[in-house]
Amino acid sequence: GKSSARRRVVAADGVSAVSGTASLQLQPFSISAGETKVMEIALTNPDDEMTLVQFDLLLPAGLTLADDGEASVTSRAAWSHQLTTYASEGKVRCLLASGENAVIEGTAGTVVRLAVTADNDFKGGTIVLQNILGVSPSEVETPIAARSYSLPEGGTTGIRSEERRVG
C-alpha cells in the first residue's frame, strides 16, 4: 500500500524540483584483476515515489560490463520495470523504466544489478554515478546528486566525494 506520508515535491513553476532526500548509491563490493562480480545499485527515495530512474555509470579503465550482460532488476521493480543499458566510450547509460508507469516499490534498497569484469591488469580506479534523474508518477523530474566511489586495486568501494547539487 502507498503511505500518505510520501509526498511529491513540485517547484512553483511546476517543472521540476529537488527533494533533497533521494539518492542513488553503489553498494560496497570488491573486485580483483581477472574477476567478474555483480555490482548492486541502490535507490533511496523516502519522500518521492519514482517510476523511472536514469543514470550514467562511468567505469575506470580495465573494468567493463560483463559479456553476458547479467543486468537485472530486483524485486523492488521486477514485475513492471525493464532495465536498458547503452554502453559507449567508458560510459553506460542505464534506464530503469516501466511501460505502465508503475512505481518502484519501497523507499530503500537495491534496484539494479550489473555484472562487471576486471581485466587481468586491472589497477583499481573510480566508479561514478552521474546524470541521475528520477521521475515521479506525475512526471515530475527530480535531479539526484552524482556520487563517485574509489575502488582500490583488489579492494572495496568507498565514497570518495559527493558532488554538490547545482541550481
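The values are calculated or read from the model by the stated rules, or taken from the named source; none is laboratory data. Source: prediction; values computed, not measured. We place every Cβ from the backbone using ideal geometry, glycine too, and count neighbours over all the protein chains shown. Only protein heavy atoms, including side chains, enter the accessible area calculation; ligands, DNA and RNA are left aside. Shrake-Rupley method; radii C 1.70, N 1.55, O 1.52, S 1.80 Å.
Below is a table of values for the structure above.
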| item | result |
| --- | --- |
| Inter-label distance, nm, simple model (7 Å from Cα along the C-beta direction), A66/T156 | 2.1 nm |
| Probe 1.4 Å, accessible area per residue of the range 81-150, Å² | 44 Å² |
| All-pairs Cα distance distribution in the range 19-109, expressed in whole percent, bin size 10 Å | 15, 47, 30, 8, 0 |
| Where only alpha carbons of the range 41-167 are counted, the Rg and the Dmax (Å) | 14.9, 47 |
